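For reference, the structure discussed in these notes is given below.
Every number here is computed from the coordinates shown, using simple stated rules; none is lab data. No experiment lies behind these values; they were computed from the predicted model shown. With ideal geometry, Cβ positions are generated from the backbone for all residues, glycine too; neighbour counts draw on all protein chains shown.
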Amino acid sequence: MPVPFIMPKVDMDQEKATIVSWNRHNGDFVKQEETVLVVETEKVAIDVTAPATGTLAGIRFQPGDVVPVTTVIAYILKEGETLKDLPAAATAQATPAPAPLPAPQAPVQPSPVSAVAATPIAARMAREYNLDLAQVPAAGERITREDVERYLASRSTPARVPAPAAIPGQAPAGKIAATPAARRLAREQDVPLEGLKGSGPRGRIQAADVVALPRPVLAAPGERQAQVFPLAGMRQKIADRMQASFQDSPHISLTVEADVTRLEEARQHMNTLAARAGQGKVSLTACLVKVIAWALERNPYLNASLVDGQIFLWKDVNIGVATALEDGLIVPVIQGVGGLSIRQIADKLVDLSTRARENKLTLSDVQRGTFTVSNLGMFGIRQFRAVINPPESAILAVGAVVRKPVVVDEQDTIAVRPILSLTLAADHRVIDGVVAARFLADLVEGIEFPETLLY
Amino acid sequence: MPEITYLEAIRQALWEEMKRDERVFIIGEDIGRYGGAFGVTHGMLDEFGPERIRETPISEPTIIAAAIGAALVGMRPVAEIMFMDFTLLTLDQIANQAAKMHYMFGGKATVPMVIRMPSGSGTGAAAQHSQSLETLLMHLPGLKVIVPSTPYDAKGLLLTAIRDPNPVCFIEHKLLYKSKGDVPEGEYSLPFGVADVKRTGKDLTVVTNGMMLTKTLNVVNKLTGEGMDIEVIDPRTLVPLDRETIINSVCKTGKLLVIHEACYTAGWAGEIIATVTGSRAFDYLDAPARRLTGKDCPIPYNRGLERAAVPQEEDIEAEIRSILQGVY
């Protein structure tokens with residue numbers, strides 16, 4: 001019997017797809033798993049492969065047609081078969097080709113239970129795999145589990161994925177888990193639940209989560225208007241930590257400038273290599289993290305924590321990079337920077353900042369930092385002081401690279417050079433001014449003469 | 001106000017009503033010289049005589065059927081079933097006769113009777129003498145189902161029950177008989193269908209009654225010290241049920257826990273929860289409505305197993321904590 005060729009369903013929420021092109025045509029011999037046509041969903045273009053080996057026949061839709069998933073779009077004929085071999089039920093579908101969407105949907109799919117005799121197991125499998133039982137060829141009088149399994153095996157790969165069963169205890173995809181009270185409050189205050197973070201079990205949005213949202217406060221006439229945010233969540237955490245840091249650590253700060261001409265040259269070269277290898281670009285931050293790690297190894301007191309009256313000089317160098325989020329700040333940490341190449345650091349930076357913005361960092365991504373870098377150069381900030389990220393002892397604030405005239409030799413020659421301003425904030429309980437200065441001197445040397453790192 | 005036991009409060013109500021109204025009489029097993037299985041009618045035989053303290057053979061259908069007949073001809077019987085479990089023997093009399101006559105005779109006949117029945121586990125009386133069957137009775141239209149939880153409520157509600165023109169099931173938890181509380185001397189009645197808010201709170205509504213109320217209040221007193229603010233509601237009468245008080249409370253707290261000793265499946269906790277979720281309180285729920293109940297098993301004779309079969313204070317505490325912490 002001819003094998004029906006259906007429009008596959010590749011996305012959970014996909015209802016239809018547009019036919020882009022047929023790579024094979026009526027009468028062509030096709031092999032199972034061979035790409036026969038290209039379709040396009042709302043998200044991507046997909047190669048659709050043949051469900052079986054045989055002759056392609058009865059193509060019912062043309063490029064540009066929008067076809068609901070699981071609709072039969074063609075048939076594969078085995079040797080000696082013609083379209084006349086289609087079972088009666090399918091023939092009605094096979095000819096003539098129904099009008100594609102958005103015209104009335106032609107393939108009225110018979111309900112599996114009423115129209116097609118199938119065993120309960122087969123019916124259940126059809127539901128799970130989102131199959132139209134009418135399209136499953138039956139070996140006997142009724143469709144059995146074996147028939148469904150055979151049919152599934154004959155189908156193209158993407159459609160074989162069973163519709164995901166709801167995960168127990170979790171809201172189905174696309175649904176927002178929120179308590180009735182949270183929904184009512186959201187309705188009353190006219191705020192969307194989408195994107196809200198839930199504090200309840202399994203991330204369910206509670207009434208308190210909606211209450212915590214900023215909302216216009218109705219002020220009495222003459223009173224000052226304001227949006228009122230409770231200090232909560234990440235904001236609370238930042239507030240507590242920064243307050244504690246400023247209270248506990250006497251901050252000293254020292255600023256230096258470094259000429260990044262040669263570091264930038266090196267970076268340009270690395271980016272040429274990266275382009276050739278098809279890799280991502282190397283950021284200035286990645287280069288700086290490498291030099292900082294080198295300077296930290298030479299100045300262990302900058303890579304230290306003061307905890308309960310004891311100074312820990314950490315053997316590993318784990319550098320956190322302050323990353324701005326829409327509603328706060330997080331410091332993902334690159335672990336063991338000493339052993340990493342600039343390439344590896346660059347990749348880790350991209351990975352960490354991407355996941356930070358998607359709120360997908362794990363605990364281990366933000367733990368065990370020994371030093372933090374904060375870069376506001378992209379905003380044109382030339383110089384700023386940062387607050388130490390406890391229990392670390394120092395933080396480096398990186399400004400913008402500014403092209404400016406500087407004296408470049410003993411003869412007082414003035415030239416325009418890219419200059420980077422770096423400001424270190426250090427905990428004076430652990431780090432004296434001279435120790436901080438030595439670290440900065442090493443850092444400048446590493447930046448201005450990158451080959452020093454190889455020495 | 002004198003402090004007396006729950007048992008004495010019931011006896012006071014019976015005594016005062018029998019003094020007030022000569023149509024009131026008591027019928028049951030061993031209620032005369034012996035004073036009843038739990039001693040409720042102690043001394044009443046001497047006061048009122050065998051005509052009004054009527055002892056019967058060991059036949060519960062006889063007790064109920066005789067009481068129905070007496071009620072139909074104008075008496076005000078108070079029937080005592082020694083253990084609630086034996087009510088099952090009399091379900092035809094109670095359900096098909098007593099509960100329906102007022103309706104089926106179009107109000108021309110009424111059955112003003114009270115059936116007192118001790119319920120509950122905790123006395124080592126095993127599976128046939130320890131049940132909490134109030135849900136069975138709640139399901140029979142025409143019956144009122146009263147569960148007093150304190151001596152004060154017991155007296156006031158029993159007075160109302162005796163004066164009610166319809167059959168009233170009056171369920172007394174065995175372990176409460178010796179509990180004490182302030183009870184006014186002289187007559188006072190408490191209306192049916194009015195719940196008692198035992199304490200107000202804003203974090204969680206707990207609906208419970210009988211012995212479970214005592215346990216719950218002990219737990220809540222402890223948790224209040226930890227800053228939990230729990231509202232405890234005793235419905236007092238399950239039929240008629242004061243739904244509004246419960247709905248209002250859940251609108252305030254957003255969380256509901258119903259505790260009863262009766263078994264889990266089809267227990268009245270489901271009725272309360274359905275009442276709440278089907279009302280305007282639905283939009284105020286900030287956690288799944290929960291129930292803590294006896295297990296779906298016969299009450300074991302073994303003391304440890306008997307404890308395990310119904311909620312104990314530690315179970316109530318754990319359940320309240322988990323609701324308030326969002327762990328369930």
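A compact table of results
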read-out: Charge context of residue A:233, other residues only, Cβ under 12 angstrom, K/R +1, D/E -1; value: 0
read-out: Check: the protein assembly as shown dipole with +1 on Lys, Arg Cβ and -1 on Asp, Glu Cβ, in debye; value: 860 debye
read-out: Anchor residue A:404: aspartates and glutamates whose Cα lies under 13 Å away (excluding residues fewer than 8 positions away in-chain); value: A:257, A:259
read-out: Pairs from A:290/A:315; A:290/A:348; B:198/B:255; B:198/B:252; A:31/A:84; A:237/A:348 whose Cα-Cα separation, in the structure shown, is over 19 Å; value: A:31/A:84; A:237/A:348
read-out: Where the Cα pairs of the stretch B:1-52 fall when distances are cut into 5 Å bins, in %; value: 5, 21, 32, 25, 12, 4, 1
read-out: Charge dipole of the protein assembly as shown about the Cα centre (unit charges at C-beta), most positive-ward option of A:449, B:171, A:229; value: A:449
read-out: Ranked packing of A:137-145, B:291-299, most packed first, by mean Cβ within 10 Å; value: B:291-299, A:137-145
read-out: Kyte-Doolittle mean at least -0.5, axial Cα span of 18 Å or more - DSSP H helices of chain A; value: A:284-298, A:342-357, A:433-448
read-out: Per-residue mean of C-beta atoms belonging to partner chains within 10 Å, peptide A:435-443; value: 0
read-out: Residue (of A:134, A:418, A:67) at the positive-pole extreme of chain A, dipole from beta-carbon charges; value: A:134
read-out: Compactness of chain A as Cα Rg over 2.2 N^0.38 Å, two decimals; value: 1.43
read-out: Cα-based Kirkwood hydrodynamic radius, the stretch B:3-182, one decimal, Å; value: 16.0 Å
read-out: Structure-based [θ]222 nm, chain A - -39500 (n - 2.57) summed over DSSP H runs of at least 4, per residue, nearest 500; value: -8500 deg cm²/dmol
read-out: Sorted by Cβ neighbour density within 10 Å, fewest at the top, the residues A:427, B:315, A:412; value: A:412, B:315, A:427
read-out: Dipole axis of the stretch B:1-109 (+1 Lys, Arg; -1 Asp, Glu on Cβ), positive-most option in B:41, B:102, B:62; value: B:102
read-out: Sparsely packed GluC sites (Glu not before Pro) within the stretch B:112-195, loop by DSSP, other Cβ within 10 Å at most 12; value: B:185
read-out: More than 33 angstrom apart: percent of Cα pairs within the protein assembly as shown; value: 71 percent
read-out: Packing-based exposure ordering (other Cβ within 10 Å, fewest first) of A:379, A:61; value: A:379, A:61
read-out: At most 16 other Cβ within 10 Å, DSSP loop - trypsin sites (Lys or Arg not before Pro), the stretch A:235-327; value: A:281, A:315
read-out: Lysines with Cα under 27 Å of residue B:19, excluding same-chain neighbours fewer than 8 positions away; value: B:144, B:155, B:174, B:178, B:180
read-out: Whole-angstrom Cα spans of the stretch A:34-75 along principal axes, big to small; value: 30, 19, 17
read-out: Cβ neighbours within 10 Å from other chains - mean over A:201-214; value: 2
read-out: Shielding by partners - mean other protein chain Cβ count within 10 Å, residues of A:181-190; value: 3
read-out: Cα-based helix-to-principal-axis angle, B:313-325 vs chain B, degrees rounded to 10; value: 40 degrees
read-out: Between helix B:151-163 and chain B: long-axis angle, C-alpha atoms, 0 to 90°, nearest 10; value: 50 degrees
read-out: Neighbour-count order for B:175, A:263, A:454, fewest beta carbons within 10 angstrom listed first; value: A:454, B:175, A:263
read-out: Sequence ranges B:9-17, A:63-71, A:186-194, ranked by mean other-Cβ count within 10 angstrom, highest first; value: B:9-17, A:63-71, A:186-194
read-out: Net charge of Cβ neighbours under 14 Å - reference residue A:306; Lys, Arg +1; Asp, Glu -1; value: -4
read-out: Within chain A: Cβ-based charge dipole about Cα centre, in debye rounded to nearest 20 (Lys, Arg +1; Asp, Glu -1); value: 920 debye
read-out: Size of charge dipole - the stretch A:235-454 - debye, nearest 20, with Cβ of Lys, Arg +1 and Asp, Glu -1, no other charges; value: 620 debye
read-out: Whichever aspartates and glutamates have a C-alpha closer than 12 Å to that of residue A:281, once near sequence neighbours (fewer than 8 apart) are set aside; value: A:347
read-out: log₁₀ of I(q)/I(0) at q = 0.09, 0.13 Å⁻¹ - chain B, Debye sum with one point per alpha carbon; value: -0.46, -0.94
read-out: Sparse-neighbour loop sites [GluC sites (Glu not before Pro); the stretch A:263-372; at most 11 other C-beta within 10 Å; DSSP]; value: A:326, A:358
read-out: Mean separation of Cα contacts under 8 Å, 6 or more apart, over the residue count of chain B: relative contact order %; value: 16 percent
read-out: Equivalent ellipsoid semi-axes, the stretch A:235-454, via Cα gyration tensor eigenvalues times 5, rooted, Å; value: 27, 22, 17
read-out: Sequence-separation-based contact order of chain A, relative, with Cα cut under 8 Å and 6+ spacing, percent; value: 11 percent
